[in-house]
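Report on the structure given below.
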Amino acid sequence: MDPKADIAVIGLAVMGQNLILNMNDRGFTVVAFNRTVSKVDDFLAHEAKGTNILGAHSLAEMVALLKKPRRVMLMVKAGVAVDEFIEHLLPVLEPGDIIIDGGNSLFEDTIRRTKYVEGKGLLYIGTGVSGGEEGARHGPSIMPGGSPAAWEHVKPIFQAISAKVSDGTPCCDWVGEGGAGHYVKMTHNGIEYGDMQLICEAYHLLKDGLGMTADEMHEVFKEWNTGELDSYLIEITRDILAKKDDDGAPLVDKILDTAGQKGTGKWTVISSQDMGIPITLIAEAVYSRCVSAMKPQRVEAAKVFKPGNPKFSGDRKQWVADIRKALYASKMISYTQGYMLMRAAAKQYGWNLNNGGIALMWRGGCIIRSAFLGDIKKAFDKNPNLDNLLLDPFFKKAIKSCTRSWRKVVSTAIKKGIPVPAFSTALAFFDGLRSERLPANLLQAQRDYFGAHTYERVDKPRGEFFHTNWTGTGGRVASSTYTV
């Protein structure tokens with residue numbers, strides 16, 4: 001059997017199939033394999049009919065069709081399935097061959113797998129692939145990390161199939177060693193959670209606060225998509241609001257208000273807690289989905305705590321403008337927090353992340369793609385060591401222009417009983433960030449009072465800790481300090 005295939009893809013769910021078809025369209029010869037081999041024949045007889053795609057009915061047959069170094073991409077469910085396939089592949093592959101995990105794996109698993117596979121003499125890549133079914137078929141955002149030596153062997157394929165920005169630059173580049181690729185993808189998904197929640201809160205304000213119909217809101221989002229909020233998620237929200245059910249009523253109004261999640265948002269929040277980075281907006285977005293799932297309790301609580309009149313008073317056109325600014329300001333906070341998290345992770349795991357390059361990778365193909373990311377790239381191009389996105393001149397000016405509307409929207413929503421957890425936590429974070437002095441001095445005194453946890457003093461050098469015997473009856477020994 002003559003080895004003639006450039007890459008193999010294992011897993012023929014919709015993402016795997018679409019990536020294979022994308023690779024075929026770009027001139028690469030692909031071998032398709034699936035644990036249930038009947039799916040291979042079905043794929044070749046239907047979606048892949050008339051293409052150069054090859055099918056394999058065993059891993060040995062698949063490997064025999066591949067040019068060296070062999071490149072095998074797993075598009076299977078994250079978790080145990082990935083580890084199982086690695087174990088099945090190791091005996092049939094050779095040193096220098098490359099195993100690629102294209103699923104939504106936890107970055108810590110990717111760190112572990114990279115070390116394990118490299119220890120067997122092979123190379124490993126854990127890559128984020130964003131853009132859903134459509135992106136996989138026509139051009140996703142791809143975020144590879146793992147064994148650096150593997151990059152040159154997959155770069156031509158990945159960059160060819162990825163989305164492109166206006167000048168033709170591919171939305172794919174090497175992210176870093178170990179789990180860096182999957183970490184960046186995880187953070188992308190966390191920001192996605194935040195973006196979606198913010199848009200939902202804007203929708204809630206337009207619907208209940210301003211009493212707008214779905215058609216009216218469709219026009220609002222259509223207009224918003226032509227300005228600074230121009231993005232894939234605003235675009236699809238525009239389309240969703242225009243969609244009618246069979247009876248002519250807005251379909252969105254008939255969808256049950258309980259949201260699901262697959263775990264990447266939760267992983268992002270857990271990682272942020274491990275590193276002490278306050279991604280409060282993403283956390284609130286995750287918890288908002290949890291609150292939405294409490295439908296029976298919410299129905300009962302609504303009977304007990306009857307809502308008042310949610311309608312906003314005043315000029316509707318001005319309110320729409322204010323809500324747009326509140327959404328834009330909150331979006332800036334979401335990305336600021338996401339980049340803070342990646343900066344901390346890079347430091348902890350020794351990754352050299354290109355923040356501007358990451359913004360470019362997210363500029364096309366992925367779910368959070370937006371014009372806004374171009375401004376982020378410019379900020380990091382000007383200052384690669386930028387500590388905080390809000391300190392960039394463009395974002396400093398932009399957020400200042402929004403704060404009056406932002407406060408107006410959040411305060412009015414609170415008065416009217418319309419929940420805006422992401423808008424309000426974004427504002428709280430902003431106010432905390434711009435406060436030179438916070439009440440944590442009292443908190444430290446409390447901790448020292450009940451637990452002898454010590455504190456630092458404003459009139460002494462940082463790193464020098466003190467303990468006070470607050471009651472006169474405590475001991476003289478202080479507890480050890482702990483800093484996140």
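Brief remarks on what is shown
- Restricting segment 284-333 to residues that are of a type in the set (Asp, Glu) and assigned to a helix (DSSP H, G or I) leaves a set whose member that is farthest from THR258 (Cα to Cα) is ASP322.
- As for segment 286-301, it holds at least one residue that is β-branched (Val, Ile, Thr), surrounded by 15 or more Cβ atoms within 10 Å (Cβ to Cβ), in contact with a Gly (Cβ under 7 Å, 6 or more places away or on another chain) and closer than 28 Å to PRO140 by Cβ.
- Complete set of residues in segment 94-112 that are surrounded by fewer than 22 Cβ atoms within 10 Å (Cβ to Cβ), modelled with pLDDT of 95 or more and under 20 Å from VAL154 (Cα atoms): GLU94, PRO95, GLY96, ILE111
- PRO140 vs. criteria touching a helix residue (DSSP H, G or I) at 6+ places or on another chain (Cβ under 8 Å), within 30 Å of ILE236 (Cα to Cα), buried (at least 23 other Cβ atoms within 10 Å of the Cβ) and free of Cβ contacts under 8 Å to residues at least 60 places away in the same chain: no
- Restricting attention to segment 169-225, the residues being part of a loop (DSSP other than H, G, I, E, B), more than 24 Å from PRO156 (Cβ to Cβ) and touching a Lys or Arg at 6+ places or on another chain (Cβ under 7 Å) number 3.
- Among the residues making up segment 56-69, a single one is surrounded by 20 or more Cβ atoms within 10 Å (Cβ to Cβ) and either more than 11 Å from VAL31 (Cα to Cα) or of a type in the set (Gly, Ala, Ser) (or both): ALA56.
- Selection count, segment 108-137, where residues are in contact with a helix residue (DSSP H, G or I) (Cβ under 7 Å, 6 or more places away or on another chain) and free of Cβ contacts under 8 Å to residues at least 60 places away in the same chain: 7
- Among residues of segment 390-443, those that are farther than 30 Å from PRO307 by Cβ, of a type outside the set (A, V, I, L, M, F, W, C), loosely packed, with under 15 Cβ neighbours inside 10 Å and free of Cβ contacts under 8 Å to residues at least 24 places away in the same chain, counted: 10
- Residue match in segment 207-230 (condition: out of contact with any Ser or Thr (no Cβ under 6 Å at 6 or more places or on another chain), closer than 19 Å to ILE376 by Cβ, aliphatic (A, V, I, L, M) and surrounded by 20 or more Cβ atoms within 10 Å (Cβ to Cβ)): yes
- Count of segment 154-168 residues which are farther than 22 Å from PHE107 by Cα, in contact (Cβ under 8 Å) with a residue 24 or more places away in the chain and outside any strand (DSSP E or B): 5
- Matching option when the condition is in contact with a Ser or Thr (Cβ under 7 Å, 6 or more places away or on another chain) and either on the phi > 0 side of the Ramachandran plot or surrounded by fewer than 21 Cβ atoms within 10 Å (Cβ to Cβ) (or both), among GLY121, GLY131: GLY131
- Contact map, segment 41-55: first residue exposed (fewer than 13 other Cβ atoms within 10 Å of the Cβ) and among the small types (Gly, Ala, Ser), second residue modelled with pLDDT of 95 or more and assigned to a loop (DSSP other than H, G, I, E, B), Cβ cut-off under 9 Å, separation 6 or more or different chains; the map is empty.
- You will find that of ASP375, ASP387, the residue that is farther than 19 Å from SER231 by Cβ, under 24 Å from the mean Cα position of the chain (by Cα) and of a type in the set (Asp, Glu) is ASP387 and no other.
- Meets criteria (of a type in the set (S, T, N, Q), in contact (Cβ under 8 Å) with a residue 12 or more places away in the chain and out of contact with any strand residue (DSSP E or B) (no Cβ under 7 Å at 6 or more places or on another chain)) for THR468: yes
- When each of SER405, SER370 is tested for being polar (S, T, N, Q) and closer than 26 Å to VAL269 by Cβ, the lone residue that passes is SER370.
- Inside segment 368-383, residues that are part of a loop (DSSP other than H, G, I, E, B) and either among the small types (Gly, Ala, Ser) or crowded, with 22+ Cβ neighbours inside 10 Å (or both) make up a count of 3.
Results for (1) within 24 Å of GLU152 (Cα to Cα); (2) modelled with pLDDT under 95; (3) acidic (Asp, Glu); (4) within 31 Å of the chain's Cα centre (by Cα), shown as yes or no for each residue.
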position	(1), (2), (3), (4)
VAL37	no, yes, no, no
ASP41	no, no, yes, no
ALA60	no, no, no, no
VAL63	yes, no, no, no
MET73	yes, no, no, yes
GLY79	no, yes, no, yes
VAL82	yes, no, no, yes
VAL92	yes, no, no, no
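- Some residue of segment 379-389 being touching a Phe, Trp or Tyr at 6+ places or on another chain (Cβ under 7 Å), over 30 Å from SER292 (Cβ atoms) and without any contact (Cβ under 8 Å) to a residue 60 or more places away in the chain: yes
- Count of segment 240-269 residues, restricted to those that are part of a helix (DSSP H, G or I), free of Cβ contacts under 8 Å to residues at least 12 places away in the same chain and surrounded by 12 or more Cβ atoms within 10 Å (Cβ to Cβ), is 1.
The values are calculated or read from the model by the stated rules, or taken from the named source; none is laboratory data. Just so you know, these numbers come straight off a predicted model, no measurement behind them. All Cβ positions, even for glycine, are placed from backbone atoms using ideal geometry, and neighbour counts span all protein chains on display.
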